[in-house]
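Please read the structure below before turning to the comments.
The values are calculated or read from the model by the stated rules, or taken from the named source; none is laboratory data. Values in this document were obtained by computation on a predicted structure and should not be read as measured data. Reconstructed Cβ throughout: ideal geometry from the backbone, glycine too, with neighbour counts over all protein chains shown. Ligands, DNA and RNA are excluded from the accessible area calculation, which covers all protein heavy atoms including side chains. Shrake-Rupley method; radii C 1.70, N 1.55, O 1.52, S 1.80 Å.
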Amino acid sequence: MLYVEDRKNLKVYALLENVVELDTGNLHGYRVVSRVLYGDEEVSFTEIANRDLKMKIEMAVLEALKSLDKKGILFINLPISINIESLPLYGKNLVVNLPMGMGLKNLYIYRNRVKKCGLGIALDDFTTIGYELKDLMFGAFDYVFFSDEFYTKAKKEDVKRAVELVKYYGSKVCFKKIDTTEKLELANRLGAQLGHGFMFGYEQIKAHI
């Protein structure tokens, strides 16, 4: 675990992972994640024990985004240590990712808070495992990011049915972590509109804490 006194050896970056439109190849936006280095070693954000340090890292990444002139959609993960209402970055191109694993009740609580801030909302790491499709209000989300484990391992007819249902309710479908031609072909065959993953490239921006 890292603590705040380790900050002098810490380097923080904002990784902007490209999200592309599969039918045209055009850039649609960026999934933004924090990259943290302690010395030369990469550290998982979850390994940082100190809440104050986590907040500084999240704020630094958001401030780095604020200084950029990006026209595409910016997809940010739900902040761990910052209230949605206190984000330093707002705008019509900002979309907050809510992980499906947080549970249906929390999803709709946070969805309402995000919407009150005027931001877009994405359902992240979508899977039907443990959920009934009828329980998910797909029209409540602007985007739905399908988990790569789900779309590669589930029955393809089930994935295709889920894709069609999500699109029917007006949400855009993105397949995550496309890093092989097989995954790309699968995304196109099953009707995904957007793709994300190292196959499409990324940009790294230094953040200052």
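Things worth noting here:
- Approximate spin-label separation N83-Q204, in nm, with each point projected 7 Å along Cα-to-Cβ: 3.5 nm
- At 0.692 mPa s and 37 °C, Stokes diffusion of the chain via Kirkwood alpha-carbon radius, µm² per second: 184 µm²/s
- Its Cα gyration tensor gives the stretch 26-130 an equivalent ellipsoid, and the semi-axes of that ellipsoid, as √(5λ) in whole Å with the largest first, are 22, 19, 15.
- Placed amide H near H28: partners under 5 Å, 5+ positions off or other chain: V19, V20, E21
- Amide H contacts under 5 Å for I48: L2, restricted to partners 5 or more places along the chain or on a different chain, H placed in the peptide plane at 1.01 Å from N.
- Expected 222 nm ellipticity per residue - DSSP helices of 4 or more, -39500 (n - 2.57), all of the chain, to 500: -8500 deg cm²/dmol
- Net length gained if the chain between K92 and Y108 were fully extended (0.36 nm per residue, minus Cα distance): 3.7 nm
- The stretch 157-209: projected area of the alpha-carbon convex hull, averaged over directions, in nm²: 5.2 nm²
- By the rule of a C-alpha distance below 20 Å, with chain neighbours fewer than 8 residues away ignored, the lysines paired with K8 are K54, K56, K206.
- Rounded to the nearest 10 Å², the accessible area of M55 at probe 1.4 Å: 80 Å²
- Spatially proximal aspartates and glutamates relative to K153 (Cα-Cα < 16 Å; intrachain offsets below 8 disregarded): D125, D179, E182, E185
- The modelled label-to-label distance between N9 and N188, using points 7 Å beyond Cα along the C-beta direction, is 4.8 nm.
- Pairs beyond 21 Å (Cα-Cα), from K92/K160; K116/K167; K71/K92; K115/K176: K92/K160; K116/K167; K115/K176
- To the nearest 10, the accessible area of R35 is 60 Å² with a 1.4 Å probe.
- Estimated dipole of the chain in Debye, rounded to 20 [Cβ of Lys and Arg +1, of Asp and Glu -1, Cα centre]: 620 debye
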